[in-house]
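The values are calculated or read from the model by the stated rules, or taken from the named source; none is laboratory data. Values in this document were obtained by computation on a predicted structure and should not be read as measured data. For neighbour counting, all protein chains shown are included, and Cβ atoms are generated from backbone atoms with ideal geometry for every residue, glycine included. The area values use the complete protein model at the heavy-atom level, side chains included, leaving out ligands, DNA and RNA. Shrake-Rupley method; radii C 1.70, N 1.55, O 1.52, S 1.80 Å.
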Amino acid sequence: MHIRYVYLLSGLLAYLVAAPIAIQFLPQADYVLVDLALVLVLVAGVRSLMGVRWMFRIGVTLAVSWVTLEVVYLFSQVEALVIIVLLVALVFVALVGFIAMRDVLYGGEVDQNRLMGAMCVYLLIGLAWAFIFTLIHVVSPTSFEGIAGSTTDAHAKAIQFLYYSFVTLTTLGYGEITPASPVAQTLAYMEAVSGQFYLTILVAALVGMLLSRGQSSKASRA
């Protein structure tokens, strides 16, 4: 069995663990290295899924733009660049998620690899929503309550919204960070609903097809 999703899933999980640690313990200059690692993981992880060459070129262009803008922002501290970085990162992660989703839906026989791909898409959904929430906060700092630290520390804010995104996606809802504006509130419940739809419809359907295939195989051997 071709286990191409192992690398993407492992990389995403490693980023979700390493990014908060980097924000807490590493100098600001090293934040870019964490984002660079994420970009490399996403590019390498989906390379085998991109059957269309132009789509891969777009992905690489977005990835290079993301890292380049991060470096420019690090040295210039121009706040307007934060919005551009977030938009580029959001489009890039959305492209990776679309490619992975397409492979999960139309990748042929349902097996453990496609289920692993579904897990990758779920993590990418949470990551994309984190960028959306961070973008909303940068544009309108009063959109959320409970955000710690200065409003200019973009990376620290992104990690807080990464936490908030997955708490919302899983409907865990601890409540330390709460949406305060109508737009933020609407986006919050949209993420919660999309997360539940994804798990109950797509993942449940894939698991059901996998179990059905296993039972059919046993019946044919009997």
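Here are the numbers for this structure:
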read-out	value
Where a residue in the range 72-96 is among the charged types (D, E, K, R) and its partner, wherever it lies, is surrounded by fewer than 14 Cβ atoms within 10 Å (Cβ to Cβ), with Cβ under 9 Å and at least six apart	79/152
Residue identified as of a type in the set (Asp, Glu) and within 20 Å of residue 97 (Cβ to Cβ) among 176, 191	191
Close pairs (9 angstrom Cβ cut-off, 6 or more residues apart or separate chains): among the hydroxyl-bearing types (Ser, Thr, Tyr) in the range 196-210, at pLDDT 70 or above and part of a helix (DSSP H, G or I) anywhere	198/118; 198/121; 198/122; 198/125; 198/169
Set 127, 199, 169, 187: member being out of contact with any strand residue (DSSP E or B) (no Cβ under 6 Å at 6 or more places or on another chain) and farther than 28 Å from residue 84 by Cα	199
One residue from 173, 126 being touching a residue at least 24 places away in the same chain (Cβ under 8 Å) and of a type outside the set (A, V, I, L, M)	126
The range 91-114, residues that are among the hydrophobic types (A, V, I, L, M, F, W, C) and open to solvent by less than 40 Å² (accessible area, probe 1.4 Å)	92, 93, 95, 96, 99, 100, 104, 110
Those helices (runs of 4 or more DSSP H) lying entirely in the range 96-202 with at least 3 residues closer than 30 Å to residue 76 by Cα	112-139, 154-169
